[in-house]
Amino acid sequence: MTYAWADAILEVDLSRGKTERSRLGLESYQGFIGGKGINIKLFWDRVPPEVEPFSPDNLLIFTAGALNGTAAPSANRTTISYKSPLSKLFSSSSLGGFWAPELKHAGYDSVVVSGKSPRPVYLWINDDHVELRDASRLWGKDILETQRLIREELKNERVQVLCIGVAGENRNTAASIQHGIVNCAGRSGAGAVMGDKNLKAVAVYGTKDVSVARPAELIQLRDSVLERSGPQRDWWRKYHVTGGFSQAFVDWGVFGNVHRMPEGVGFENMEAAHADFAGRHLVREPACYNCPFKCHALLSVPDVGVVGVKCTGWWSFMLACKIPDIAFSLKCYDRCVKYGLDHLSTANRVAFAIDLYQNGILTKEDTDGLHLEYGNRELALVLVEKMARREGIGDVLADGVYEAARRIGRGAERYTSHIKKLEIKFHTYYNTYLAFTTAISDRADTPCAGSAQMSPVGMRWDMEPHQYIKEGWWLFPEEWERYLYLDHAVDYEGIAEVAAYGEDVKTLSDLTGICWNAAGFVPFVAIKPNTHVRLLSAATGMDIDQAEAFKLARKTRALIQAYNSRLGLRRRDDTVPEKFFQKEVVGYQKEKGLVRLDHGKFDEQLDRYYRLKGWSRDAIPTGEALDGLGLGYVRHDLEDRGIL
Amino acid sequence: MKIKTIRIDASKCTGCRACEMICSAFHAEQKYSIANPKRARINVFKDEENDVYVPVLAGPYTDVECLGRNTVTINDKEYGECSFCRASCPTRVLFKEPDAPEIALKCDMCGDEPLPMCVKWCMAGALTYVEREEAS
């Protein structure tokens, strides 16, 4: 008997309009556990590196974590993998919500989509009944309307839907795949690949049981997690209502090519303004499936309606357009959500275009007669729409700042802010730990997105280190407790070790489907690695310990690295924009004076990190490391290609 | 006579559906051996866009559907009464065993447990257990 897993994948060939249920084959896939692990293994086996992102041969794989559908708390993440049209690398986007558990209840671990449909379709999975349905009347609809229309058509209000908006239909490389009102698989263009395949949505309804190997143990572990969940719930409340916005975002957090928010724009009291806004407009803090936390905020925004938001969604456009108004920022964010657009990349692109115009690189001839300037509310909304629909200047920007700069020429490249072609968040990379982990992440993205882990220093929030350790919240090895006393915004010591270990913690989440919010992100982690692995063992019967589980996480990470090594990914790419090494700014802690990144120290940590991972100095997994992880076939492939 | 009741505060519901999950696991033939919200005796009705979250507990079985169906208006949006109805009813699949629809599901307050499971594990505090005396 199979526990936790369905041991089944749904193969969908859109070119031929065929669907087929087949065995996953746990004997080959168990070592990859679920989610991102199963995805990269399928990718390695089936997609040669030369396949283009917008080729019918590119796969779009939707996979549940091993624990999704079981009683394990917060196990609800769906991981979607594909070759990214933005970075041109293997990439994954994941989202919470209710979709992956529903897929498990329908009897599948994974949906593997290949080919390209000749007309818009959506996939309907109702247990064993699977069909491709006409989506022509859904084409052009926003993501909320699409979900509503599908539920009406299927006469089932409990159907869970993943879908794209107009941006995905138009292959904007910032297009996301969305679910519900707030869950979004964004950043590296998942929605563009889905749109290229003419697949508007995947709807699922499942009625089957998900069995577990050791029920009593699983429930006991679950109970203990929930009993420890209070502090994190309180933390989110505080985050939403008062503490979410940091003035440091303003000091450093500007998009575009400027390094500080200009004086006198009105950002001086943004922390208070944020708390005031949240206090007046927060209507609910909803949660994903079977999760005791509530990291989302539903806000009732004037002139917009109910907006679901988390983390950076509040502020991206406010900072990008230099308009100190949260309601404005949320209006732009809401527009992005409805079009199915990643708000971070989109805000970055808006600032990039304004910068180019202000510096004479773009003129009215290029911008459809628009005068691009900061502080212009209407302009932001116009640019978002143009990008979503690929109209005029929006068509150029829809390919991302890297491609757009190449197309525009005239020195536009100097104004780009990207890492491996993925536009950076407004979070600043003057913070050494943040810069480092973003540079080494498997998706060139900040913690909570790629494979990187938050700084242990940042994690303790406002609790004193000794108290934090005493209460048992520290999730790193005991001998590293001293790192809690460092300031990883400026110190380099231990960064490589913490980043490598943190990657194992984060990757484990990407495999089991337990949200990283519960298992590693915020200060009061209810599911520490040891508990995480015990949940996995009790549910699946795998019986592995933390060291073995981390080794499996490293196996997945190494396979991703090997895949992307074949696409030319090297050490030179594991960095952040040069400006963060060049220009000095006031640090997070103003009393520490001016800061900038240091090439020498950064490189030293990079060497240490590669050594810890078993990779060469040029970021390629070594033959020995691959053999040790049971990836001998990967070693042979890299040798045959002359990479090793 | 002691009447067991569950008081629902819809304003506190986060929509996580942990209540559905634990209900199904608790009532499994071998306790906790499976999870399946479609076997649950509680269902969270949600309309995120309009901020409506209502846990509904499975009530009595009925073999005949209602003749008149009312509507409920919340925040200017109209909903069919069925969305909030507790009955296991011929018009819908809710509150029936998915693989044996002839078997209706009804909340049993988790029998002798000190607290119904959905109440015990509603971390949002949307569900509370209340006993009240009623003349028999």
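Only the coordinates and a few stated rules stand behind these numbers; no lab work does. Since this is a predicted model, take the numbers as computed values, not measurements. Quick reminder, even Gly has a Cβ in these numbers, built from the backbone with ideal geometry, and neighbours come from all protein chains shown.
Below is a table of values for the structure above.
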{"read-out": "Of every Cα-Cα pair in chain A, the percent that sits beyond 32 Å", "value": "45"}
{"read-out": "Under the Karplus curve 6.51 cos²θ - 1.76 cosθ + 1.60, θ = phi - 60°, whole-Hz ³J(HN,Hα) for segment A:202-208, x wherever Gly or Pro sits", "value": "10, 10, 9, 9, x, 10, 8"}
{"read-out": "DSSP-loop chymotrypsin sites (Phe, Trp or Tyr not before Pro) across segment A:314-359, with at most 16 other Cβ within 10 angstrom", "value": "none"}
{"read-out": "Segment residue A:241-residue A:45, extension gain: residue separation times 0.36 nm, minus the distance between their alpha carbons", "value": "65.9 nm"}
{"read-out": "Highest average packing first - A:597-603, A:436-442, A:625-631, Cβ atoms within 10 Å", "value": "A:436-442, A:625-631, A:597-603"}
{"read-out": "Highest-MSF residue in chain B out of B:44, B:52, B:119 [GNM, Cα springs under 10 Å]", "value": "B:52"}
{"read-out": "For segment A:318-379, diffusion coefficient by Stokes-Einstein and Kirkwood Rh (Cα), 10 °C, 1.306 mPa s, µm²/s", "value": "131"}
{"read-out": "Prolate/oblate/rounded label for segment A:93-202 (Cα gyration tensor, a/c 1.5)", "value": "rounded"}
{"read-out": "For chain B, built as a Gaussian network whose Cα springs stay under 10 Å, the top-fluctuating residue of B:73, B:14, B:91", "value": "B:73"}
{"read-out": "Cα-Cα separations in segment A:239-423 greater than 30 Å, expressed as whole percent", "value": "20"}
{"read-out": "In order through segment A:537-549: 3J(HN,Hα) via Karplus (6.51 cos²θ - 1.76 cosθ + 1.60), integer Hz, x for Gly, Pro", "value": "5, 5, 6, 9, x, 5, 6, 10, 9, 4, 4, 5, 5"}
{"read-out": "Prolate/oblate/rounded label for chain B (Cα gyration tensor, a/c 1.5)", "value": "rounded"}
{"read-out": "Residue-averaged beta-carbon neighbours from other chains (10 angstrom radius) around A:507-519", "value": "0"}
{"read-out": "Among A:109-117, A:171-179, A:227-235, A:34-42, the order from most to least packed when residues are scored by Cβ within 10 Å on average", "value": "A:171-179, A:34-42, A:109-117, A:227-235"}
{"read-out": "For residue A:15, net neighbour charge (Lys/Arg +1, Asp/Glu -1) across residues whose Cβ lies under 13 Å away", "value": "+1"}
{"read-out": "Computed [θ] at 222 nm, helices only, for chain A once each DSSP H run of length n ≥ 4 contributes -39500 (n - 2.57)", "value": "-11500 deg cm²/dmol"}
{"read-out": "Amide H contacts under 5 Å for residue A:616, placed H, 5+ residues apart", "value": "A:622"}
{"read-out": "Efficiency of FRET between residue A:591 and residue A:543 - r from beta-carbon atoms, R0 56 angstrom, step 0.05", "value": "0.65"}
{"read-out": "Normalised alpha carbon radius of gyration of segment A:432-640 [divisor 2.2 N^0.38 Å]", "value": "1.05"}
{"read-out": "Cα-Cα separations in segment A:8-205 greater than 28 Å, expressed as whole percent", "value": "15"}
{"read-out": "Cβ neighbours within 10 Å from other chains - mean over A:279-286", "value": "3"}
{"read-out": "Förster radius 25 Å - calculated FRET efficiency between residue B:100 and residue B:74, Cβ distance, rounded to 0.05", "value": "0.15"}
{"read-out": "Average other protein chain Cβ within 10 Å of Cβ, residues B:16-25", "value": "6"}
{"read-out": "Note, ³J(HN,Hα) from phi for segment B:87-92, Karplus 6.51, -1.76, 1.60, rounded to Hz, x at Gly and Pro", "value": "7, 7, 10, x, 7, 8"}
